[in-house]
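Peer 1: Below you'll find the structure I mean.
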């Protein structure tokens, strides 16, 4: 049995298939050197976006790199993904994420 490849792949009966471009992701990352620093984001290409955070491409996350992925949630509907991201960035959504994801 093959081990799972890096995130961004879906196991199907006939092998591993990239999910890039198929899903919209809401992701939660945590700073490795400063674990109290967290970030919630949205992307259509999860693997590339995490790499961007870790090379300092985002001004909001660059000072706290490197980052590790805590969880990612895939949506087929872009608007639902954006709404979930906004929820997680709001008051009750932050509390929900603290209880269930962080």
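The values are calculated or read from the model by the stated rules, or taken from the named source; none is laboratory data. None of the values given here were measured: they were computed from a predicted structure. Cβ coordinates were reconstructed from backbone atoms using ideal geometry, including for glycine residues, and neighbour counts include every protein chain displayed.
Peer 1: Can you name every residue in the range 88-102 that is closer than 12 Å to residue 38 by Cα and not in a helix (DSSP H, G or I)?
Peer 2: 101, 102 - these are the residues of the range 88-102 that are closer than 12 Å to residue 38 by Cα and not in a helix (DSSP H, G or I).
Peer 1: Show me the strands (runs of 3 or more DSSP E) found entirely inside the range 1-87 where at least 2 residues are surrounded by 15 or more Cβ atoms within 10 Å (Cβ to Cβ) and at pLDDT 95 or above. Steps first, please.
Peer 2: Numbers: elements: 9-12, 15-18, 24-31, 38-43, 67-75.
So the answer is 24-31, 38-43, 67-75.
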